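Let me begin by presenting the structure, written as structure tokens, before commenting on it.
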Amino acid sequence: MPSFQLPVARVFWLGLLGAVLVLFPFFHTWPLLDGYVTQFRTFNATMFAVWLLVVLSMNLLTGYSGQISLGHAAVVLVGAFTTAIFSQRFNVPLPLAIALAGLFTGVVGGVVIGIPAVRLSGPYLAIATFALVLSLPQILKIGGINNYTHGALGIGIHDLQPPGFADRFLDKSEWLYYTTMATAVFMTAVFWNITHSRIGRAFVALRDSEIGAEQMGVNVPFYKALAFALSSFYAGIAGGLFFMVQAFVGPESLGFFDSILFLVAIVIGGLASVLGSVLGALFLTFQVEAITRLGDVFSQAKNLRGVIYGGALVIVMLLFPRGFAGAVQAFQSNGPRGVWRSILARLSSLVELAKSYAAPRGPAPASPDEARRQPPGPGGSSAS
Amino acid sequence: MQEFAQQTLSGIASGSLFAIVALAIVLIYRSTSVLNFAQGEMAMFTTFIAWSFMTRMDFWPAFILAILVAAAMGAALERLVLRPVENAPPLNSVIVTLGLFTIFNGLALWIWGAQPKGFGPFSVFKGDAICAADVCIGRLNVGILVVSLIVMTVLYFLFQRTTLGLAMRATAQNRLASQLVGIPVGNMLTLGWALSAGVGAIAGVMVAQSVSLTTSSLFAILLYAFAAAVLGGLNSPPGAIIGGIIIGVSKNYAATYVPSGVGNVDLTLAFVMIVIVLMIRPTGLLGRPPARRV
Amino acid sequence: MLSMRDVHASYGPVLALRGVSIEVPAKDIVAVLGANGAGKSSTLRAVSGLVRPSHGVIEFDGRRIDRLAPEKIVQLGVSHVPEARQIFSELTVMENLRLGAYTRRDAGGVKSDIDRVFGYFPVLGQRHKQEAGLLSGGEQQMLAIGRALMAKPRLLLLDEPSLGLAPLLVREIFDIVRTINASEGLAILIVEQDAKAALAIASRGYVLETGKVVLEDSAARLQENEDVRRSYLGY
């Protein structure tokens with residue numbers, strides 16, 4: 001989030017943001033705004049809240065802790081199915097079912113993925129999670145398991161109604177919006193505090209150099225498992241909300257391409273940044289609509305979706321490794337010329353690299369002694 | 001017993017598909033320490049190029065031309081797109097290759113459409129299955145195995161018996177030291193990508209003859225190829241071949257002997273094998289532990 | 001033979017060299033002393049092309065080399081034995097030496113040079129089929145020097161050859177360095193924490209502090225210098 005200098009200004013902006021979030025479902029009834037905001041936007045905003053939790057969860061694991069997971073869609077899907085099975089089969093109340101799903105994915109993510117992941121480095125972890133996301137739909141349909149998951153049919157919600165006390169003021173979509181958005185706002189605040197605490201700094205140290213983190217006294221296996229557990233907890237809650245909002249989940253609801261989209265979201269939004277996660281969630285919310293609109297102007301856009309997203313991944317990774325959030329920060333501190341200048345500098349260094357191979361940056365630490373002296377570098381990005 | 005033998009042989013046959021794609025993955029990982037998630041899509045893309053060549057010329061010239069185009073493409077990608085992330089954390093290079101993955105997938109769909117293209121078998125790979133005592137293996141599968149072995153032998157010779165290969169191995173191990181002894185490190189990395197894109201094209205053309213050519217045909221194989229590479233060891237070319245065959249055979253056994261009430265388990269099997277291998281022997285059957293990089 | 005004039009260099013935002021001027025005459029041994037982080041290694045990295053100077057001139061045999069790629073600088077006759085040895089630990093001793101001769105095209109000469117390296121370091125000859133990573137620290141240092149010699153350099157850059165070695169081994173290695181200097185007639189620029197050992201074989205010395213040369217003199221006079229004795233010789 002942008003850092004404002006005066007606390008008064010900060011309070012003002014946060015208050016304004018809160019007011020917008022609270023009043024958002026009614027914008028479409030206001031005379032001045034109804035031309036711009038349709039009722040459908042309430043659904044958009046609800047999905048935004050769900051995606052925000054997904055992006056935060058992925059950013060915690062990948063952006064802050066440097067662990068590459070291509071299986072994030074699978075974890076969200078497990079969260080959705082857990083919620084569905086608890087609430088629809090065992091008649092657990094929905095909010096409790098969602099909390100249970102978060103706990104379930106958190107424990108599974110921490111113990112089943114996190115502890116083995118302690119021994120795995122980047123590429124191996126990427127392959128294992130890649131295999132997970134591809135095989136999960138099949139696992140959900142395997143005989144025995146499908147008694148609970150209903151196999152390819154999936155699970156729907158029959159009757160979701162706002163509880164009695166809210167029934168009088170809110171319709172179903174408004175109720176969904178408020179519960180989902182309130183959860184997302186609360187969990188974002190918690191996320192902010194975690195990432196700005198000792199735990200968050202341990203994650204970043206882990207990402208920048210595991211050996212360095214070890215030497216700084218960070219308990220590497222513990223924090224790695226913790227990163228997986230926390231991230232999976234957020235993903236599980238997001239999955240539960242996803243099921244509630246969509247009122248359905250099936251084995252193919254989220255898959256490998258969604259995992260890629262999540263990755264696109266954190267990269268173009270900004271790695272290791274809460275603001276970046278918000279921007280990434282906006283991307284996930286509007287990407288289908290954006291491509292469709294682009295299709296009105298440029299008829300091939302729809303067929304070139306993969307090229308556009310892939311191109312965005314490559315270009316952002318090469319030119320703005322800190323994503324949009326990085327650009328926003330650079331804009332705040334240096335103004336538009338500063339942003340432009342840093343892009344130009346980056347471009348010219350890329351041209352230089354294509355011509356000749358440059359030595360790895362910085363002197364290699366010769367001895368453990370020397371490695372200890374060096375503070376952990378800023379890596380590809382820095383915590384916002 | 002006869003069925004078991006037949007299933008084993010067919011498993012080896014389909015394993016050969018995974019083996020040859022795994023070989024390309026291992027090659028690039030070994031020479032540049034980048035795990036190329038776009039390997040399958042690049043191979044698919046160049047196979048489509050081979051297909052367009054084949055509408056104008058015979059199989060062999062088209063095949064060779066496609067390999068050259070693929071190698072040039074691999075070299076260009078390394079220079080323009082991967083060079084900046086080669087010294088960055090693996091996260092950056094994985095993201096970039098995933099970007100390439102969706103780019104190639106989208107481009108192929110846009111250029112050639114979703115309709116499957118009739119593709120072979122061609123030339124010597126066409127013909128009746130080869131049988132011995134009621135157990136048969138398709139000619140194409142024998143061909144794929146033979147081609148994999150030829151590729152591997154050529155690579156073995158290159159890496160173990162030539163100075164260029166020695167320099168490539170040195171570059172993969174220690175770039176700083178390689179620069180200091182005067183190896184043009186950048187060129188070695190470019191060459192590594194060119195080689196593996198070339199091998200990818202060979203793999204694509206061989207595999208597509210067996211599974212027909214669509215924009216998704218190689219994606220289905222990519223997971224098994226990754227499983228094979230992890231199983232054999234990400235930095236061991238012979239491991240890739242052995243891993244591919246093990247995966248192929250066990251996939252066939254699963255399809256034959258798992259009761260039908262359970263449903264399909266082939267993808268699950270690949271996942272479970274990857275997880276088990278990584279837990280027991282994280283560097284694979286023939287791989288060696290990587291040096292710890294700071 | 002080597003002349004550095006007012007060389008500045010940085011790693012990203014970190015300034016490592018802030019005006020270093022050093023002369024190495026042909027066939028001479030010159031030592032660079034200084035504390036950790038004074039810019040000693042960076043000086044060598046600038047010469048061998050691993051770091052591109054942002055300012056200043058580096059000439060070798062009257063030819064500017066500060067814009068050349070590392071492999072070109074090796075070809076001109078400058079070999080760098082880096083900090084922490086950086087041998088190819090998964091390759092054999094023999095392969096390491098062959099790689100040292102990567103820029104050369106005379107197969108026959110390479111063969112006889114390998115024998116010459118084995119002459120200086122007999123233990124490498126005994127272990128030529130072994131993986132380099134299995135060698136002891138001292139043997140790895142010998143291999144790193146041997147590998148550098150394989151390029152037939154006229155200038156050898158040595159970065160902390162004593163690092164992590166027992167005093168007896170340090171003496172052995174410095175003796176061999178002196179022998180190599182005498183019999184091959186090559187110039188050596190040596191960077192060392194062990195100032196005593198370095199000044200014992202050098203004819204001139206430079207003292208670096210925070211990326212700048214603060215003192216330069218003949219090795220004999222530096223050994224007498226009060227400040228040098230207190231800061232680097234420890235008596």
Fill in the blank from the handout: Those residues of region A:58-92 which are of a type in the set (Val, Ile, Thr) and within 13 Å of chain B (Cβ to nearest Cβ) amount to A:THR62, A:ILE68
Practice task
Residues being over 19 Å from B:SER14 (Cα atoms) and in contact (Cβ under 8 Å) with a residue 12 or more places away in the chain: count how many of those fall in region B:134-157.
Solution key: 2
Practice task
Evaluate region B:135-158: report whether one residue or more is more than 25 Å from B:MET54 (Cα to Cα), surrounded by 23 or more Cβ atoms within 10 Å (Cβ to Cβ) and either in contact with a Gly (Cβ under 9 Å, 6 or more places away or on another chain) or away from chain A (no Cβ under 14 Å) (or both).
Solution key: no
Exercise for the section: Just name the residue that is nearest to the other protein chains (Cβ to nearest Cβ) out of those in region C:134-152 that are surrounded by fewer than 21 Cβ atoms within 10 Å (Cβ to Cβ) and either touching a Phe, Trp or Tyr at 6+ places or on another chain (Cβ under 6 Å) or part of a loop (DSSP other than H, G, I, E, B) (or both). Expected result: C:LYS152
Exercise for the section: Give just the number: which of (1) under 16 Å from the mean Cα position of the chain (by Cα); (2) modelled with pLDDT under 90; (3) buried (at least 19 other Cβ atoms within 10 Å of the Cβ) does C:GLY185 not satisfy? Expected result: (3)
Handout entry: Every residue from region B:79-111 that is more than 7 Å from chain A (Cβ to nearest Cβ) and surrounded by fewer than 18 Cβ atoms within 10 Å (Cβ to Cβ)
Key = B:ILE111
Practice task
Kindly list the number of the only condition in (1) within 14 Å of another protein chain (Cβ to nearest Cβ); (2) more than 14 Å from A:GLY310 (Cα to Cα); (3) touching a helix residue (DSSP H, G or I) at 6+ places or on another chain (Cβ under 8 Å) that fails for B:ALA114.
Solution key: (3)
Handout entry: Filter result for C:LYS129 (closer than 18 Å to C:GLY185 by Cα, touching a residue at least 24 places away in the same chain (Cβ under 8 Å) and part of a loop (DSSP other than H, G, I, E, B))
Key = no
Exercise for the section: Could you check how many residues of region A:245-261 are assigned to a loop (DSSP other than H, G, I, E, B) and either in contact with a strand residue (DSSP E or B) (Cβ under 7 Å, 6 or more places away or on another chain) or among the charged types (D, E, K, R) (or both)? Expected result: 2
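Among the residues that make up region B:34-43, is at least one of them out of contact with any Leu (no Cβ under 9 Å at 6 or more places or on another chain), part of a helix (DSSP H, G or I) and closer than 15 Å to B:MET206 by Cα?
So the first thing to find is which residues in region B:34-43 are out of contact with any Leu (no Cβ under 9 Å at 6 or more places or on another chain), and the list is none.
No, region B:34-43 contains no residue that is out of contact with any Leu (no Cβ under 9 Å at 6 or more places or on another chain), part of a helix (DSSP H, G or I) and closer than 15 Å to B:MET206 by Cα.
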Handout entry: Residues located in region B:252-283, provided they are over 19 Å from A:ASN146 (Cα atoms), facing chain A (nearest Cβ under 7 Å) and either in contact (Cβ under 8 Å) with a residue 12 or more places away in the chain or touching a Leu at 6+ places or on another chain (Cβ under 8 Å) (or both)
Key = B:ALA270, B:ILE274, B:LEU278, B:PRO282
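Can you name the residue in region B:228-242 that is away from chain A (no Cβ under 12 Å) and part of a helix (DSSP H, G or I) and, of all such residues, is farthest from B:VAL151 (Cα to Cα)?
Looking only at region B:228-242, we keep the residues that are away from chain A (no Cβ under 12 Å), and these are B:232, B:236-242.
Keeping just the survivors that are part of a helix (DSSP H, G or I) gives B:232, B:237-242.
Details: B:GLY232: 17, B:PRO237: 10, B:PRO238: 11, B:GLY239: 14, B:ALA240: 12, B:ILE241: 11, B:ILE242: 14 Å.
Across region B:228-242, the extreme among qualifying residues is B:GLY232.
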Handout entry: Unmet requirement for A:SER333, which otherwise passes all of (1) exposed (fewer than 13 other Cβ atoms within 10 Å of the Cβ); (2) at pLDDT 80 or above; (3) over 30 Å from A:ALA213 (Cα atoms)
Key = (3)
Problem - Conditions (1) at pLDDT below 90; (2) in contact with a helix residue (DSSP H, G or I) (Cβ under 8 Å, 6 or more places away or on another chain); number of the one not met by C:LEU168 - result: (2)
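For region A:296-323, enumerate the residues that are free of Cβ contacts under 8 Å to residues at least 12 places away in the same chain, facing another protein chain (nearest Cβ under 8 Å) and farther than 13 Å from B:LEU109 by Cβ. Spell out the reasoning first.
Our first condition is that a residue be free of Cβ contacts under 8 Å to residues at least 12 places away in the same chain; within region A:296-323, this holds for A:296-304, A:306-307, A:310-311, A:314-315.
Add one more test, that the residue is facing another protein chain (nearest Cβ under 8 Å), and what stays is A:300, A:303-304, A:306-307, A:310-311, A:314.
Selection gives A:GLY311, A:VAL314.
Quick one: which residue in B:LEU166, B:LEU180 is more than 14 Å from chain A (Cβ to nearest Cβ), at pLDDT 90 or above and buried (at least 20 other Cβ atoms within 10 Å of the Cβ)? If you could, list the steps in order and put the result at the bottom.
On the way: B:LEU180 fails: more than 14 Å from chain A (Cβ to nearest Cβ).
The match here is B:LEU166.
A:GLY240: within 22 Å of A:SER69 (Cα to Cα), crowded, with 24+ Cβ neighbours inside 10 Å and over 14 Å from the mean Cα position of the chain (by Cα), yes or no?
Details: within 22 Å of A:SER69 (Cα to Cα): yes; crowded, with 24+ Cβ neighbours inside 10 Å: yes; over 14 Å from the mean Cα position of the chain (by Cα): yes.
Judged against the criteria, A:GLY240 is a match.
Which of the residues belonging to region A:99-139 are among the β-branched types (Val, Ile, Thr) and either farther than 21 Å from A:PHE262 by Cα or more than 9 Å from chain B (Cβ to nearest Cβ) (or both)? Let's see the steps before the verdict.
Residues of region A:99-139 that are among the β-branched types (Val, Ile, Thr), as a first pass: A:105, A:107-108, A:111-113, A:115, A:118, A:127, A:129, A:133, A:139.
Residues satisfying the conditions are A:THR105, A:VAL107, A:VAL108, A:VAL111, A:VAL112, A:ILE113, A:ILE115, A:VAL118, A:THR129, A:VAL133, A:ILE139.
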Handout entry: Sole residue being among the small types (Gly, Ala, Ser), part of a helix (DSSP H, G or I), touching a residue at least 24 places away in the same chain (Cβ under 8 Å) and within 22 Å of A:SER259 (Cα to Cα), chosen from B:ALA70, B:ALA108
Key = B:ALA108
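The values are calculated or read from the model by the stated rules, or taken from the named source; none is laboratory data. These numbers were taken from a predicted model, which means no experiment stands behind them. Cβ atoms come from the backbone with ideal geometry, glycine included; neighbour counts cover every protein chain shown.
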